[in-house]
Amino acid sequence: MHFTEAKLAARLVVGAISLVLLATVGCSEPPQEAEPQTAPEPAVDESASWPGWRGPDRTAKSTDTDLLESWPDGGPPLLWEAAGLGSGFSSVAVNNGRVFTLGDVFDDAPEAEGGSEYVVALDAQTGKELWRTRVGEAWAEMDLYPGSRSTPSVAGNALVVLASDGTLARLDADSGQLRWSKSLTADFSGAVALARAGVHWTYSESPLIDGDRVVVTPGMPDVALLALRLEDGEEIWRTQIPELGEKGGDGAGYSSIVVSEGAGVRQYVQLIGRGLVGVRADDGAFLWGYNRVANHVANIPTPLISGNLVFASTGYGTGAVLLELTPTGNGNVDANEVYFLESDVFQNHHGGMVLHDGVVYAGSGHNRGFPIALDLASGEILWGPERNEGRGSAAVAFADGRLYMRYQSGLMLLAEATPSGYVEHGSFEIPGVKEPSWAHPVVIGGRLYLREQDQIHVYDVNRQE
């Protein structure tokens, strides 16, 4: 081989080797610094279920454990937030990796003049919207706190909502497809209590799914409570309520139904305009009523159930009561007053109450959320009312020995649920609070869900390793 040809061949061999080496290392550029690795967001627990108002049994108590015992400055880590939900005070239901809520949109026309109410489904891992379905007209009477009120209820693929205008609807949770709807006002002559007095407040109840039925409160004497078949919306029974006393009035209250097995009879307990009532679950028969805890404005908090006991409270200068249910034969029940607390001792305006180990924890005072603890059996005040940085009413939930208290002013606070005294373990301000911050907090699957009008904020409250 000629020298020049040999030299060229050698160069070609070297070049080939270089190409192989370059292919092996990827490029001839200097190695770049690796991007910093961030910890992945914790995966959502799809088995964690908060199927509606105040959780699985409407006690506002989560089964979560190993949660943060205290919060750092600024609050727990934010996992995600989503916007575009519409205005309102609805809380959330969490089920099968999805989050459901209701919101009012006032510029959507042409479906309804003044806007529409939508049920919205979000992915619980990311906050991405999965679907939305119109279920009723938006509510903005007198421009007084416009927006949704009710919280959706979900069981399997059945999702049931009550719009502010009284539209009761069942949808498919997977797709948002509407299966049936009824109007509590047009179909059952329903009304809320103050609508009868010329002040047009609106439906705020969260419907109850109980097995094969949906139970709601149209509110008027001839159809005070109503049970419909979950499958097709056909009527099962309706309840007539007699006059119970001089306080309150005709119409639904702003509370939601709870189930009691008191006195050995399965029954639905509800706080309506006329007061506290018990209705037999089998056939809707009126069992008992109690008027003293009613007021002439708005009966709001969901009652607490413990065995044969029913504890209820209202604001507007009223107070609280403990009733004991006793059997009277033939599936009938009496309700007897154990004690009554005057409003200067305890009253829950709205925000609700939690019962844990025989102690009631709540915010006390009309339009106030002063933390308080009282013994259920005796009514004795164990501590409080305490003052803190929160302003207005306090919506309360319980998880892992702690109280999660959300104040109307937008303060979110963690405190111990203990009869020995009031102890705080951190707080933070919820972002973007403009209207009253009323939506109830939800703690499930190691996450704290906070609906705030058009937005939702989701925080990681799992104990850090």
Collect residues whose amide H, placed 1.01 Å from N in the peptide plane, falls under 5 Å from the amide H of G166; neighbours closer than 5 in sequence don't count. Y203
With Cα atoms, 0 to 90° folded angle of helix 3-25 axis to the chain main axis: 10
Expected output is a single nm value to one decimal: the length gained when fully extending between S189 and N96, i.e. 0.36 nm times separation in residues minus the C-alpha distance. What is it? 29.9 nm
Dipole of the chain, positive direction: furthest Cα of G329, H350, S364, with charges on the beta-carbon: G329
Give, in nm to one decimal, the length gained when the segment between R213 and V433 is fully stretched (0.36 nm per residue of separation minus the Cα-Cα distance). 75.5 nm
Modelled label-to-label distance, T328 and S378, 7 Å Cα→beta-carbon offset: nm? 3.1
In nm, to one decimal, how far is the modelled label at H425 from the one at D222, with both set 7 Å along Cα→Cβ? 5.4
In the chain, taking the dipole from +1 charges on Lys and Arg beta carbons and -1 charges on Asp and Glu beta carbons about the Cα centre, the listed residue (V297, L287, V135) farthest towards the positive end is L287
Might you report the magnitude of the Cβ-based charge dipole of the chain about its Cα centre, with Lys and Arg at +1 and Asp and Glu at -1, to the nearest 20 debye? 100
Can you list the aspartates and glutamates whose alpha carbon sits under 14 Å from that of K434, skipping same-chain ones fewer than 8 residues off? E452, D454
Would you be so kind as to identify which of F428, L341, L414 lies farthest towards the positive end of the dipole of the chain, taking Lys and Arg as +1 and Asp and Glu as -1 on Cβ and the Cα centre as origin? L341
Let a ≥ b ≥ c be the square roots of the eigenvalues of the Cα gyration tensor of the range 184-350; is it rounded (a/c under 1.5), or, if not, prolate (a/b larger than b/c) or oblate? oblate
For an R0 of 56 angstrom, estimate the FRET efficiency from the Cβ-Cβ distance between F286 and D73 and round to the nearest 0.05. 0.60
If the label point sits 7 Å along Cα→Cβ of F106, residues of the range 122-158 with amide N under 14 Å come out as 138-148
Where does each of 259-266, 205-212, 447-454 land if you order them by average Cβ count within 10 Å, highest first? 447-454, 205-212, 259-266
Hey, quick one: spin label on D174, modelled 7 Å out along Cα-Cβ, who in the range 123-155 has an amide N within reach, i.e. under 18 Å? 123-124, 130-133, 154-155
The range 246-268 scanned against label point 7 Å out from F340 along Cα→C-beta; backbone N under 14 Å for 246-248
According to the square roots a ≥ b ≥ c of the eigenvalues of the Cα gyration tensor, what is the shape class of the chain, taking rounded for a/c under 1.5, prolate for a/b larger than b/c otherwise, and oblate for the remainder? prolate
At a 10 angstrom cut-off on C-beta neighbours, averaged per residue, how do the peptides 401-407, 356-362, 323-329 rank from highest to lowest? 401-407, 356-362, 323-329
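Since every read-out is calculated from the coordinates, none of them should be taken as a lab result. Quick caveat: nothing in here was measured; it's all calculated off a predicted structure. So basically every Cβ, Gly included, is an ideal-geometry build from the backbone, and we count neighbours across all protein chains shown.
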